[in-house]
Structure formats: structure tokens, C-alpha cells
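Participant: Structure in C-alpha cells, see below.
The values are calculated or read from the model by the stated rules, or taken from the named source; none is laboratory data. On a predicted model such as this, the values are computed, not experimentally measured, just so you know. We place every Cβ from the backbone using ideal geometry, glycine too, and count neighbours over all the protein chains shown.
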Amino acid sequence: MRIENSFIPVSGVGETTERRLWEAGVTRWDEFHDAGNPRGVGTTTADRIESFIAEAGARLDDGDSAYFDRQFPNGERWRLYENFADSTCFFDIETTGLDARRSQVTTVSFHQDSQTTTLVAGEDLTAEAVREEFANAKLLATFNGRRFDVPFLEESLGIDIDTPHLDLMYPCRRVGLSGGLKPIETELGIDRDRPDLSGRDAIRLWRKHQRGDDGALETLVSYNRDDTVNLQRLADTISETLHADVFEPVAGSTSSNWIHQHPRLDCRRFGGRCRGQNASPRALRASHPGPCTRASQIPSCCYGHILNSRLDHRLTRVAQTIVTSRLSGDWPRLYLSVYTVTPWKNPIR
């Protein structure tokens, strides 16, 4: 979901009014003027929306992420991610404890524009080096960084971090994913090189490094970099899931293509056989826009995922009946019927 799909920053526009706009076919700013006064939107609110669009459009053209960080409610700042994904800096710190006044930052890893950098205490971890890493970022992304990483760095290095910040812990909770980063990675199938390591191991490894064990530092840096790189994969997944949860059930309600509106029904996790098996869910939907009203129209690369996926507990309209018949090749033909069911408690995986 992009910023241009959002009307909720406007004073007087809440979730209900924004939803009415989407239902009326006003799913982007540039569609509002042509729509006249959509049902349920008063003249005063319409004037506010027009004013917001005029300013916000210019701000977006300038890449002013700070403006949108101020305008969006806290719980909706995940909507900034898709617009600023290419200039998002993912970062994670390792420390010797939880109290910034008594403990030390040992390593900080940054991942931006497919490049990962790690700064190490006693070598190149300085306030200036951290500022340089953040300099070109329009958005910072962390997991629990609002309560831990950011204030710890500010206290330890004497710096102010004012770049707009997306703490992924909160949108994760919104889609039913709770706990720490490692359990959530496991739930979503996000792999790492050393899944056996934890935050306590990071402290132990730093102490071994201080005693002269060079291999300990290498392992610590690898662990810290895994944390940071995986934040991008987490942000992509959560952004796509919330897009499908918040926006597509309304904006895409005129389409019968339920399958391709779901963010996880792609072939990435089930060994798909199509050329798009490594593409993002949205890219797959773009290459196969549907609607799939007949089983024969469903790409075979999606079959395995449909058969094995668990459905998002927030969606009550689900593909319920799947009957397979081996008509040709290795892939079954699917016949789907849709009806309302009680939402499941577990999130997709």
C-alpha cells in the first residue's frame, strides 16, 4: 500500500471515512477530484482532503518522509514503507546489557540498498560513523528499536536520531505475530545462517572477543548482520500482508480474483514452477491480474501454495472447497467455492 492510497492523515478522516472513499472507487489521491463529493464525505472534509492532496503531492515529489511521518497516525506509519523502501535503512544493535547507562554497544549493523555495513566498538563505531550511515536514509526500520535500539544509541553515543522510524514490532502485532524477532522469523519461514544464536550468545561472544578470541567477533558480526538483513524481508512481508488486509478487500472488492488478492498465495515457498517463482506477491499479481473465475485460469505455480497455506485470520471470505483431479501433468485442477467462515485465530504462515 502506498501513501497515495491514504486519506487517513486528513483531519476528520478516520478509518470509516477512508473506507467509504475506497468503496466509492476513490483509491488514489488523483481520483478524488474527479469523484465530486463521494457519499458520506461532507463539504468541509472534502475541502480538507483537497488541501491535503495539494500539499502532500508536492511533499511526496520532494521525498519528504518526515512530513508524512508527522501526518500519519502512529498505527498507520507502515504505509510509508512502500514509497520509501529503496531509501530505508534497516539497523540493529548488539549490547552487553539492557541499561544504556551501564552497558556498551558492541556492534551496529546497517542494511540499505542491498549493502550491509557493521561498525564494531573499539574499531570504527563512532557517533560520526553512525550519522553517516543514516545520512541518506528517508526511513529507518528496526524491531523494537523505538524502545531499545534508538534510545540506547542516543544515550551511548550522544547523538539525536530524528529520521522517521518504522518499528516493525507494532505492525507485526497487528497481523497477529507476537514475541521476539527470531520466533516471528521462524513463523514466516525467514531463514538465517545461525538460528541457534540468541541475544545472550551475543554478550558471551563479545566477552570472548575481549579475551582475544578472534573467531568470536566474526560470529557476533554474522549474527548481527543476519538480524539486520532479515528486517528487510520482514518489512516486505508485513507490508504486503497489511496491504491485503486493509486495502485490497475494499479496493479490490469488485474483482472475483480472491486468490491473487491474498499476499501469500504465490509460489515462493512451495517450489513454484513458473518464471516468477522468486517474484514478490504483488509482482505475481501484476503479471497475472485475473480475475480467475475458472480453475483453468489459475497459474499452476500457485497450486501447491493454495493447497498448503493457512489463511489470514482477518479474512472471513476464503476459498473453502478444494477438489483435486489429476487431469494432466503433475498439477491438479482446482475447483473453488467461496463462503463466509469463522475467522481462524492463527495468522498465515
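Participant: With surrounded by 12 or more Cβ atoms within 10 Å (Cβ to Cβ) and touching a Cys at 6+ places or on another chain (Cβ under 7 Å) as the only criterion, which of ILE184, ILE161, ILE203 stands out?
Facilitator: Only one candidate passes the filter, namely ILE184.
Participant: Looking at PRO151, PRO183, can you tell me which residue is over 22 Å from the mean Cα position of the chain (by Cα), in the same structural domain as ARG233 (by TED's automatic domain parsing) and more than 28 Å from ASP62 (Cα to Cα)?
Facilitator: PRO151
Participant: Can you pull out every residue in region 37-65 that is under 25 Å from the mean Cα position of the chain (by Cα), free of Cβ contacts under 8 Å to residues at least 12 places away in the same chain and not in a helix (DSSP H, G or I)?
Facilitator: ASP62, ASP64 - these are the residues of region 37-65 that are under 25 Å from the mean Cα position of the chain (by Cα), free of Cβ contacts under 8 Å to residues at least 12 places away in the same chain and not in a helix (DSSP H, G or I).
Participant: Return the residue satisfying two criteria in turn: it lies in region 17-36 and is surrounded by fewer than 12 Cβ atoms within 10 Å (Cβ to Cβ) and at negative phi, and of such residues it is farthest from the chain's Cα centre (by Cα). It would help to see each step written out before you state the result.
Facilitator: Here is the first cut: in region 17-36, the ones surrounded by fewer than 12 Cβ atoms within 10 Å (Cβ to Cβ) are 30, 34, 36.
Narrowing the set further to residues that are at negative phi leaves 30, 34.
On the way: ASP30: 25, ASP34: 31 Å.
Within region 17-36, the match that is farthest from the chain's Cα centre (by Cα) is ASP34.
Participant: All but one of (1) out of contact with any strand residue (DSSP E or B) (no Cβ under 8 Å at 6 or more places or on another chain); (2) surrounded by 14 or more Cβ atoms within 10 Å (Cβ to Cβ); (3) of a type outside the set (S, T, N, Q); (4) over 21 Å from ARG233 (Cα atoms) hold for GLU76, so report the exception by its number.
Facilitator: (4)
Participant: For the list (1) touching a strand residue (DSSP E or B) at 6+ places or on another chain (Cβ under 9 Å); (2) modelled with pLDDT under 50, I need the number of the one condition that PRO249 fails.
Facilitator: (2)
Participant: Cβ contacts < 6 Å: first residue in the same structural domain as THR142 (by TED's automatic domain parsing) and in a loop (DSSP other than H, G, I, E, B), restricted to region 98-121; second residue at pLDDT 95 or above and of a type in the set (Ser, Thr, Tyr), any location; separation 6+ or different chain. Result?
Facilitator: Correct list of pairs: ALA100/SER156; SER103/THR95; SER103/THR96; GLN104/THR96; ALA121/THR106.
Participant: Find the residue count for region 125-143, including only residues that are surrounded by 13 or more Cβ atoms within 10 Å (Cβ to Cβ) and outside any helix (DSSP H, G or I). Reasoning before the result, please.
Facilitator: Narrowing region 125-143 to residues surrounded by 13 or more Cβ atoms within 10 Å (Cβ to Cβ): 125-127, 129-134, 137-143.
Okay, now just the ones that are also outside any helix (DSSP H, G or I), so 125-126, 137-143.
Looking only at that region, the number is 9.
Participant: Looking only at residues that are of a type in the set (D, E, K, R) and outside any helix (DSSP H, G or I) in region 206-247, which one is surrounded by the fewest Cβ atoms within 10 Å (Cβ to Cβ)?
Facilitator: Here the answer is ARG211.
Participant: Could you grab me the full set of residues in region 73-115 that are more than 20 Å from PRO151 (Cα to Cα), of a type in the set (S, T, N, Q) and modelled with pLDDT under 95?
Facilitator: SER114
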